Amino acid sequence: MSSNCNCAQQAFAELEKVGIDATLLEPVFDKYGKIEGSLITILQHAQDIYGYLPIVLLNYIAIKTGIKPAKVLGVATFYAQFRLEPVGKYLIMLCQGTACHVNGSVDIETAVCEELNIKEGETTPDGLFTLNNVACLGCCSLSPVMMINGETYGTLTPTKAKEIIAEIKAKEAE
Amino acid sequence: MKMIVGKGSCGIAAGANKVSAAAEEYIAEKGITLPVSVAGCIGMCYLEPIVDVIDDNGEKTTYIKVTTETIKEIIDAVCNGKKAEQYIISPEDKAILDKQTRIALRNCGIIDPENIEEYISSGGYKALEKCIKSMTQDEVIEEIKVSGLAGRGGAGFPTWFKWTAAKNAQGTKKYTICNADEGDPGAFMDRAVIEGDPHAVIEGMLIGAYAMGSDDGIVYVRAEYPLAIVRLNNAIEQARAKGFLGKNIMGSNFSFDLRIKAGAGAFVCGEETALIASLEGERGMPRLKPPFPAQKGFWQKPSNINNVETYANVPWILTNGGDKFCAMGTENSKGTKVFALTGKIKKGGLVEIPMGAKVGDIIYGVGGGIKDGKAFKAVQMGGPSGGCVPAELIDTIIDYKSLAATGAIMGSGGMVVMDETTCMVDMARFFLDFTCKESCGKCIHCRVGTKRMLEILTRITEGKGKDGDIELLENLANQIKASSLCGLGQTAPNPVLTTIRYFRNEYEDHIYNKKCTAKQCKALISYEIDAEKCIGCTMCARNCPVGAITGKVKETHVIDKELCIKCGKCVTSCKFGAVKIY
């Protein structure tokens, strides 16, 4: 990035418009910006900070690191972990691994979709829940399994899955 | 006296954190001294949460399925010098551990993975010391060669060969990489090893690095394994503080340091050249070999990549001798292998047994047979890259060669057990769906071919299969295998090919008779109410979301097949088993 170029400031201003404070990323750039091959690590930190990676943010990262925007977008869309859309307060990761599939994870998905009235990959209109299918969570012996904000729930049945979500809903309504 | 709570990811999912918090609270409330420490996963996931109590004589008592309530009873009993007999593990379950030979899992579930002292006192870092102080690089590699250790990640390539290639490669900068991108759905041994015994992996890498002349190491861990990352980070820091990592280790000229790189969720990154691309911050796409990573790997420098389980075996081999490792197993497969036993199995978990055992030994001997008294149908071995071993081949010997002969593979050791209610066409569709999504897109046959195969399988399960579909699947499968660059594409059709090989009749039933014998494919089944069993409780009618069930109270109900959406709610709501699936 040349010092005369003001595209970083422009991108920064665009981020401000959508309410993203890009200064939070400065320590990440300080630590990893100069280390070659750190793009994935930078994206992971950015997603930890903002919860998702909007295109404007990807552009900003491209400018700050000197990596081509096409490559940044390419990497961000290649890996399942990265999200370009914001997620709900509760991220439901429903395991669709082999063991969970054999033990009825499809029925769990149907139940959760019914309870939340959304499809897989969507967020509820109130912004509370996002439902994502994921490949194996590695808790195969407790299958079928789902993880909500880091907490794992095992040996699910459709009824049990609905109850867990209803419980969170009730807690939020308080 | 102390109390140990098993806290692998699976134990925590079963409630281990709540149990240990309850234990600490209750101990404080009672004002007694009873230290509560942590261990990794012992492998008996179906009994979690598990709590061990070690008394002053060193005798261990194992309590199972502990809850926040039963832990109080256990503590009460322990305080009175007694045991809470009703919660102790049954002799039968305990015997499962005795049936195993635990090498890679030797410390898992026993030592505290967050405390390096426990690893050291169980003989840890002794093998490293032996190498550094009394062995040359070649002697270390020779010991591994004698052991016959082969890559445990799937390919089964001899470890000594890779190490020699990296050692002999030109250049002074060499990388030692650990592949902990355990993407195979249904396998979780690498996670368990890192969570339960991270120092074994670090020590294994150190020994490898010493043998190859490498000073820089990276562990590539799946992002879906947050606890493994935390424990490994902690272990690396402790090893550094103790001087096992860093410059001039144990006063020698050997220096080595290690860092973690978290993956971002891509199955293909288990392939070593894709893993390297990912380490370099690129999209994880494989490249042509040669040059092999041993010549040109990470940043074009010689790199050696081994799997977690492979490294975890290394310190044991150096301590006990390669010949002792080699004494176990069959002619072409030496030592032990860890299997993740899941699916329709009674006692699921991690088991480590010597190579050469039979498939049935694991399923019935260790796993206790099939859940709910159903009939065993097949076991998927090697995940999406592997294939199914049908019930009639249950005596197949577990080694690389015998498994390959069935069409399955050893793979990373995932064993997903299927019973009579599993539809094999649906299973094949499930795996193709996975590989199709995970294909990186570089090779056309893998990218487009898997998609076409998935479409065919989907239409078969939807009752729209056509004459010639099976042959078309076989044709596509062989093309994909022949024209894909990496292991993902080369093996993606395996689940389809093996299910066609052993369960061709199921495919034919779906296509020609429009029937799913396992009663799983919604489009091919119908629901009916058995007039003799129905008592007219109206439960099914009330639960039917589309109002397809009619009938008066205390009279037999009827399902309108035109309206029925086959959601199965009537089956689960009927307490009398009156709803039948045809």
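Rounding to the nearest 20 debye, state how big the charge dipole of the range B:134-240 is about its Cα centre with +1 on each Lys and Arg Cβ and -1 on each Asp and Glu Cβ. Write out the running numbers ahead of the final one.
On the way: 10 positive and 15 negative charges, 46 e Å.
In total the dipole reaches around 220 debye.
Could you give the alpha-carbon Rg of the range B:83-241 over 2.2 N^0.38 Å, rounded to two decimals? Don't skip to the end; give the middle numbers.
Values: Rg = 17.4 Å, N = 159, 2.2 N^0.38 = 15.1 Å.
In units of the 2.2 N^0.38 Å rule of thumb, it is 1.15.
Using only the C-alpha atoms, the convex hull of the range B:396-457 corresponds to 118 Å³ per residue.
Between the beta carbons of residue B:155 and residue A:18, assuming R0 = 41 Å, the FRET efficiency works out to 0.30 to the nearest 0.05.
Only sites in a loop by DSSP and with at most 15 other Cβ atoms within 10 Å count here; which GluC sites (Glu not before Pro) in the range B:501-582 make the cut?
Working: sites: B:506, B:508, B:528, B:532, B:555, B:562; in loops: B:532, B:555, B:562.
Qualifying residues, ordered by number: B:532, B:555, B:562.
Considering only alpha-carbon pairs that sit under 8 angstrom and 6 or more positions apart, the relative contact order computed for chain B is 11 percent. Helix B:469-482 sits at what angle to the longest principal axis of chain B, using alpha carbons and giving 0 to 90 degrees rounded to 10? Taking the Cα atoms of chain B, the angle to B:469-482 is about 10 degrees. If only the Cβ of Lys and Arg carry +1 and only the Cβ of Asp and Glu carry -1, the dipole of the range A:7-78 around its Cα centre is close to 260 debye. Amide H contacts of residue B:218 (H built 1.01 Å from N, in plane; Pro and chain starts excluded): B:176, B:177, B:178, B:259 sit under 5 Å, all sequence-distant by 5 or more or on other chains.
For the range A:21-36, backbone phi angles converted through the Karplus equation (6.51, -1.76, 1.60; θ = phi - 60°) give residue-by-residue couplings of 8, 6, 5, 4, 7, 3, x, 5, 5, 4, 7, 10, x, 8, 8, 4 Hz, Gly and Pro being listed as x.
If you keep only loop residues by DSSP, which trypsin sites (Lys or Arg not before Pro) in the range B:524-582 have at most 10 other Cβ atoms within 10 Å of their Cβ?
B:552, B:554, B:575
Couplings 3J(HN,Hα) of the range B:130-135, computed from phi: 4, 4, 5, 8, 9, 10 Hz, in residue order, whole Hz [Karplus 6.51 cos²θ - 1.76 cosθ + 1.60, θ = phi - 60°; x for Gly and Pro].
For chain B, with only Lys/Arg (+1) and Asp/Glu (-1) charged at the beta-carbon, what is the dipole magnitude about the Cα centre, in debye rounded to 20? Before the final figure, lay out the partial values.
On the way: 71 positive and 69 negative charges, 264 e Å.
Dipole magnitude for chain B comes out near 1260 debye.
Across the options B:87, B:14, B:77, the greatest Cα extent toward the positive end of the charge dipole of the range B:2-98 (unit charges at beta carbon of Lys, Arg, Asp, Glu) belongs to B:14. Here r is the Cβ-Cβ distance between residue A:169 and residue B:168 and R0 is 51 Å; the resulting FRET efficiency, rounded to 0.05, is 0.25. Counting every C-alpha pair in chain B, the share spaced more than 32 angstrom apart comes to 53%. In terms of its Cα atoms, the protein assembly as shown spans 87, 75, 59 Å along the principal axes, sorted from long to short.
Sites listed here are GluC sites (Glu not before Pro) in the range B:286-366 whose DSSP assignment is loop and whose Cβ has at most 12 other Cβ atoms within 10 Å: B:331. Using the alpha-carbon positions of the range B:217-261, Rg (one decimal) and Dmax (whole number) come out as 11.9, 38 Å.
Its relative contact order, with pairs defined as Cα atoms under 8 Å and 6+ residues apart, puts the range B:488-578 at 23 percent.
Give me the orientation-averaged projected area of the Cα convex hull of chain A, in nm², one decimal. Walk me through the numbers on the way to the answer.
Details: hull surface 46.3 nm².
Average of the hull's projected areas for chain A equals 11.6 nm².
Taking label points 7 Å from Cα along the Cα-to-Cβ direction, residue B:94 and residue A:160 give a separation of 2.8 nm.
The relative contact order of the range B:238-287 comes to 20 percent, based on Cα pairs under 8 Å that sit 6 or more residues apart. Candidates A:143, A:128, A:165 compared by Cα position along the dipole of the range A:90-173: farthest toward the positive end lies A:143, with charges placed on Cβ. Between residue B:86 and residue B:299, the C-beta separation translates, for a Förster distance of 41 Å, into a calculated FRET efficiency of about 0.10.
With runs of 4+ DSSP H residues as the only contributors, calculate the mean residue ellipticity of chain B at 222 nm using -39,500 (n - 2.57) per run, divided by the residue total and rounded to the nearest 500.
Numbers: 22 runs with 221 residues, N = 582.
One gets -11000 deg cm²/dmol as the mean residue ellipticity at 222 nm.
Between residue A:134 and A:94, A:95, A:96, the built amide H atoms are under 5 Å apart, and every one of these is 5 or more places off in sequence or on another chain.
How large is Rg over Rh for the range A:7-78, taking Rg from the Cα atoms and Rh as the Kirkwood inverse mean of 1/r across Cα pairs? Let's see the in-between values first.
Values: Rg = 10.9 Å, Rh = 12.0 Å.
My calculation puts Rg/Rh at 0.91.
Each DSSP beta bridge with both residues in chain B is either parallel or antiparallel, and the antiparallel ones are about 60%.
Give the residue from B:333, B:551, B:202 lying farthest towards the positive end of the charge dipole for chain B; charges sit on Cβ (+1 for Lys and Arg, -1 for Asp and Glu) and the dipole is referred to the Cα centre. Sorting the options by dipole projection puts first B:551. For the range B:479-571, the extents of the C-alpha atoms along the principal axes are 63, 24, 20 Å, listed from largest to smallest. Largest first and in whole Å, the equivalent-ellipsoid semi-axes of the range B:424-512 read 21, 12, 11, each the square root of five times a Cα gyration tensor eigenvalue. A simple spin-label model places the labels of residue B:121 and residue B:478 6.2 nm from each other, with each point 7 Å out along Cα-to-Cβ.
How large is the translational diffusion coefficient of the range B:2-98 in µm² per second when you combine the Kirkwood radius over alpha carbon pairs with Stokes-Einstein at 37 °C and 0.692 mPa s?
Numbers: Rh = 13.3 Å.
Estimated via Stokes-Einstein, D reaches 248 µm²/s.
No lab work stands behind these numbers, since they all come straight from the coordinates. Everything numeric in this text was worked out from a predicted model, so none of it was measured. Here the Cβ is made from the backbone with ideal geometry for all residues, glycine too, and neighbour counts use every protein chain on show.
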